[in-house]
Amino acid sequence: MRLLSLLLLLPASLLAQSLPSLPAVAEPASPAAPELHEDPVLHGQSPNAMPANPNLPTLWLIGDSTVRNGTAGDGSGGQWGWGAPLEYFFDRTKINVVNRAMGGTSSRSFYTSNWTRVLPNIKKGDIVIMQFGANDNGDPVTGKTAIKGTGPETVDSNGETVHSFGWYMAQYVKETRDKGATPIICSLTPRNRFKSDGSFQRDTTTHAAWAAQTAKDTNTPFVDLYELIARRSEQLGKDKVAAFYGPTPTEYLHTNWLGAVSNAECVIGGLKGLKENPLAKFLSARGNLVPALDPTLPALPVKNPAPAGVALAN
């Protein structure tokens, strides 16, 4: 048996911090994995990032701070979204990875304020992964959120016609397809909450369910990231999962680099679990090592990434 090697690069700002050792998972014997000598630069994480090579297809990421944290997306404050380490699971000689997610946005506010700066750059053959919900709680009339659910109802908010969460997700899907690109819907990342019996506390009746329903209604590939992370959390246990969040012990939504790596692995595993994975041919050697994850089965735990420097491209 060999151990699955997923040695991701640690940001320079975290080099002085010691990361917890997580249990290794034995994998069935297989040919030795190739050495991974990858560019230690995150190319697509700035607020207005564009494809590094316009001749290649591009994977666009849109969402909130759980996908790209903060305005700069550079790990300031020790928090990272899963869209940062996701770059390392793809062969960037075959595909660009551009993370245009923005912290603090809801499905509605991203659509009205950020999507118009992303959509014109999407071209035929591109892929768009979308994940919203963390900031879609609240009053749609006085706040920035969508109406709860997937229905056709609307309300007025200072002259703006506000739609449901499902409506905005369906619009992203439609407008992505209108550009000749492929949409993929992810359910939101869960908040880190455990029950007293050690099981993970789920809320499967709101945004995770509405994302799944929209994917079904629009015939869109769906990665149930919420459930995949919940299952991995249950397998690792409360104490080990606490090390994924930061910078304070009370943080339960935003991840540090280790947590971002874990969530990115779940994204890749979820993509591999699709009946047809439109990103399969673009995976890096590291991406090819991640097993397909079925949200109805227990997930594999993450490995502790090896310390090394990561720089952000300008």
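Which of the residues belonging to segment 148-163 are in contact (Cβ under 8 Å) with a residue 24 or more places away in the chain and either within 22 Å of MET102 (Cβ to Cβ) or assigned to a strand (DSSP E or B) (or both)?
Keep residues of segment 148-163 that are in contact (Cβ under 8 Å) with a residue 24 or more places away in the chain, which gives 148-150, 160, 162-163.
Within segment 148-163, LYS148, GLU160, VAL162, HIS163 qualify.
Each row is one residue, and each column tells you yes or no for (1) surrounded by fewer than 19 Cβ atoms within 10 Å (Cβ to Cβ); (2) part of a helix (DSSP H, G or I); (3) hydrophobic (A, V, I, L, M, F, W, C).
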| residue | (1), (2), (3) |
| --- | --- |
| ARG202 | yes, no, no |
| THR205 | yes, no, no |
| ALA209 | yes, yes, yes |
| GLN213 | yes, yes, no |
| TYR226 | no, yes, no |
| SER233 | no, yes, no |
| LYS240 | yes, yes, no |
| ALA260 | no, yes, yes |
For segment 131-147, enumerate the residues that are out of contact with any Gly (no Cβ under 7 Å at 6 or more places or on another chain) and either assigned to a strand (DSSP E or B) or without any contact (Cβ under 8 Å) to a residue 40 or more places away in the chain (or both).
-> ASN137, GLY138, ASP139, PRO140, VAL141, THR142, GLY143, LYS144, ILE147
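When you go through THR145, THR154, THR112, THR161 one by one, which is the residue that is surrounded by 18 or more Cβ atoms within 10 Å (Cβ to Cβ), in contact with a strand residue (DSSP E or B) (Cβ under 9 Å, 6 or more places away or on another chain) and β-branched (Val, Ile, Thr)? Full working, then the answer.
On the way: THR154 fails: surrounded by 18 or more Cβ atoms within 10 Å (Cβ to Cβ); THR112 fails: surrounded by 18 or more Cβ atoms within 10 Å (Cβ to Cβ); THR161 fails: surrounded by 18 or more Cβ atoms within 10 Å (Cβ to Cβ).
The unique qualifying residue is THR145.
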Go through (1) within 20 Å of PRO51 (Cα to Cα); (2) of a type outside the set (S, T, N, Q); (3) surrounded by 24 or more Cβ atoms within 10 Å (Cβ to Cβ) and name the single condition TYR168 misses.
-> (1)
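For (1) in a strand (DSSP E or B); (2) closer than 21 Å to LEU279 by Cβ, each residue gets a yes or a no:
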site	(1), (2)
ILE129	yes, yes
TRP167	no, no
TYR172	no, yes
ARG177	no, yes
ILE185	yes, yes
Select from segment 49-79 the residues that are on the phi > 0 side of the Ramachandran plot and in a helix (DSSP H, G or I) and write down the one among them that is surrounded by the fewest Cβ atoms within 10 Å (Cβ to Cβ).
-> GLY77
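Within segment 80-125, take every residue that is outside any helix (DSSP H, G or I) and without any contact (Cβ under 8 Å) to a residue 40 or more places away in the chain and give me the one that is farthest from ASN53 (Cα to Cα).
Our first condition is that a residue be outside any helix (DSSP H, G or I); within segment 80-125, this holds for 80-82, 90-106, 114, 122-125.
Subsequent filtering for residues that are without any contact (Cβ under 8 Å) to a residue 40 or more places away in the chain retains 93, 103.
On the way: THR93: 9, GLY103: 26 Å.
So, considering only residues that are outside any helix (DSSP H, G or I) and without any contact (Cβ under 8 Å) to a residue 40 or more places away in the chain, the one farthest from ASN53 (Cα to Cα) is GLY103.
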Working only within segment 263-278, note down all residues that are of a type in the set (S, T, N, Q) and within 12 Å of LEU86 (Cα to Cα).
-> ASN263
Output the residues belonging to segment 215-224 that are within 18 Å of the chain's Cα centre (by Cα) and in a loop (DSSP other than H, G, I, E, B).
-> THR220, PRO221, ASP224
Of all the residues that make up segment 66-86, how many are of a type in the set (Asp, Glu) and modelled with pLDDT of 95 or more?
-> 0
Matching residues, segment 88-109, being surrounded by fewer than 24 Cβ atoms within 10 Å (Cβ to Cβ) and charged (D, E, K, R) = ASP91, ARG92, LYS94
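The values are calculated or read from the model by the stated rules, or taken from the named source; none is laboratory data. It should be emphasised that the depicted structure is a prediction, and the values quoted were computed from it without experimental measurement. All Cβ positions, glycine included, derive from the backbone under ideal geometry; neighbour counts span all protein chains shown.
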